[in-house]
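Structure first, commentary second.
The values are calculated or read from the model by the stated rules, or taken from the named source; none is laboratory data. Given the structure is predicted, the values throughout are model-derived calculations rather than measurements. For neighbour counting, all protein chains shown are included, and Cβ atoms are generated from backbone atoms with ideal geometry for every residue, glycine included. For the accessible areas, the whole protein counts, side chains as well, though only heavy atoms, and no ligand, DNA or RNA atoms are used. Shrake-Rupley method; radii C 1.70, N 1.55, O 1.52, S 1.80 Å.
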Amino acid sequence: MCFLSVNILRYQTLILAAVLLALNIMDTIGAIESLCDGNLEKNPKFMICVSLSLNIFVGLAIVAGIIATIQRNRLVIMVYMIALIIFGAGKTFIFCMAEICADKQYELLITDWYRFNATMGWICFIFLAILFARMNEEARRTLN
């Protein structure tokens, strides 16, 4: 299936998770700055709060995913993958809603850090799925 070894995929996943965590922190800081802006309407504030909740949720999942990747715990890696899917889908949904509204207030929500964070979440998911498939393949090979 994949010519890379599990160790290389693990290191690659760990590096991507660290980058995602850094982007997540920067996006959280940007969202808090936007939230502290006093002249926002109710709907953009709600969407910023949802974005912050997703950031906190995936931040905890990243930490658990890093530990699971180091320990080769496939069950927790699967939970991490599900968390990344929820995170990516939520960020994409918020982005689409902001594009539909196309209001100046929604521009405060979709920052460059937001875009980097959402994109890196999907990239991290793809490489994590490859690692998970490779780990399952290796586990099947050792059972036979």
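Quick notes
- Relative contact order (%) - criterion: Cα under 8 Å, at least six apart; region: segment 26-144: 32
- Within the set (i) 73; (ii) 56; (iii) 53, the number that percent of Cα pairs over 18 Å apart takes when calculated for this structure is listed as (ii).
- Solvent-accessible area, 1.4 Å probe, carbon plus sulfur percent, for the chain: 70
- For the chain, the per residue solvent-accessible surface stands at 56 Å², with DNA, RNA and ligands left out and a 1.4 Å probe.
- Of the DSSP H helices in the chain, those with a Cα length along their own long axis of 27 Å or more and a mean Kyte-Doolittle hydropathy reaching 1.6 comprise 74-101.
- Nearest-20 debye value, segment 1-81 charge dipole, Cβ charges on Lys, Arg, Asp, Glu: 440
- Comparing GLN12, LEU108, SER34 along the charge dipole axis of the chain, the residue lying farthest to the positive side is GLN12, per the Cβ-charge model.
- For the chain, the mean residue ellipticity at 222 nm estimated from helices alone is -30000 deg cm²/dmol, where every DSSP H run of n ≥ 4 contributes -39500 (n - 2.57) and the total is divided by all residues, rounded to the nearest 500.
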